[in-house]
Amino acid sequence: MTGRFISLEGGEGTGKSTQAKAVAAALEAKGHKVHLTREPGGTPGAEVIRELLLSGHDEKWNMRTEALLFAAARSEHCQSLIQPALDRGEWIISDRFIDSSRAYQSVSGLLSDENIMALHHVGSQGLMPHRTFILDLPEELAARRAEARDRGDSDRIGGRDSDYHRAVMAKFRQYADEEPDRVRLIDAAQSPEDVTANLMHNLSDLIG
Ligand code: TMP
């Protein structure tokens, strides 16, 4: 028996956390055992690495160190939480996973997608979600929502400039084009209830 692994991805302010909770609740209501988790983080050790990654100045880590730290946090998360739950036949809903590393850590051009995936193979045996949702919002709206949430106090990576975040979103959209079965682009400008309904519709083949 193997469980189901779903990740939610997208830029800052697209409503991922809200939707991750709503999807987890909807699946639980159908009788599934669900773990709601997030990256970076999700286990005590990985949450320590999260704090290292997201606090302080942008220059604190170079891009290679940053990618290695994300891969290290993910290794802990996969080994201690995600893989054991999947082996028990349970569901994992993760607010971000490997596609965030592929997008955020590769836009500088220093690291290729192959580099990021090589780290993922070393750290987490290349574990991939069964389905990945990219929550897509017009740039202005996403920036307004992120600003309302963070009130000028964004984290080390969220605080990067709009060119960076635009390039990240372009990467996410590219993954949806390249892997349409796994990666689905979801219009996040709808009401939260409509977005949740769309996500559940896009899970119907996995719910069985
Ligand atoms: P959050 O704001 O969704 O909690 O995510 C934390 C930040 O970490 C966000 O700016 C995206 C970034 N991030 C990466 O750069 N690479 C990764 O692999 C992950 C999981 C997150």
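The values are calculated or read from the model by the stated rules, or taken from the named source; none is laboratory data. Computed from a prediction, not measured in an experiment: that's the story for all the values here. Cβ atoms come from the backbone with ideal geometry, glycine included; neighbour counts cover every protein chain shown. Heads up: the accessible areas ignore ligands, DNA and RNA and are worked out on the full protein's heavy atoms, side chains in. Shrake-Rupley method; radii C 1.70, N 1.55, O 1.52, S 1.80 Å.
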Legend entry - Helix-derived mean residue ellipticity, 222 nm - over the chain, DSSP H n ≥ 4, -39500 (n - 2.57), to 500: -15500 deg cm²/dmol
Inset, instruction - Springs between alpha-carbon atoms under 10 Å, Gaussian network over the chain: tell me which of GLN79, GLN19, GLN105 tops the mean-square fluctuations. - result: GLN79
Inset, instruction - Could you tell me the largest-minus-smallest coordinate of the C-alpha atoms of the stretch 73-121 on each of the three principal axes, in descending order and whole angstroms? - result: 39, 19, 15
Legend entry - Rh (Kirkwood; distinct C-alpha pairs) - the stretch 82-208, Å: 16.3 Å
Legend entry - Choice from VAL168, VAL23, VAL122 with maximal GNM fluctuation in the chain (Cα, 10 Å cutoff): VAL122
Inset, instruction - Output the relative contact order of the chain, whole-number percent, from Cα pairs under 8 angstrom with separation of 6+ residues. - result: 33 percent
Legend entry - Sulfur and carbon atoms: percent of accessible area, the stretch 1-110 [1.4 Å]: 54 percent
Legend entry - For the chain, built as a Gaussian network whose Cα springs stay under 10 Å, the top-fluctuating residue of ARG173, ARG145, ARG38: ARG145
Inset, instruction - Net charge near SER106: determine it from the other residues with C-beta under 13 Å of the C-beta of SER106, scoring Lys and Arg +1 and Asp and Glu -1. - result: -1
Legend entry - Cα centroid of the stretch 135-208 to Cα centroid of the stretch 18-94, whole Å: 17 Å
Legend entry - Those lysines that a straight Cα-Cα span of less than 18 Å connects to LYS30, excepting residues fewer than 8 apart in one chain: LYS21
Legend entry - Accessible area per residue, Å², the stretch 120-208 with all protein chains present, probe 1.4 Å: 56 Å²
Legend entry - Gain in span if fully extended, MET200 to ARG166, counting 0.36 nm per residue against the direct Cα distance: 9.5 nm
Inset, instruction - Putting +1 on Lys and Arg Cβ atoms and -1 on Asp and Glu Cβ atoms, find which of ILE82, ALA176, ALA72 reaches farthest to the positive end of the dipole of the chain. - result: ILE82
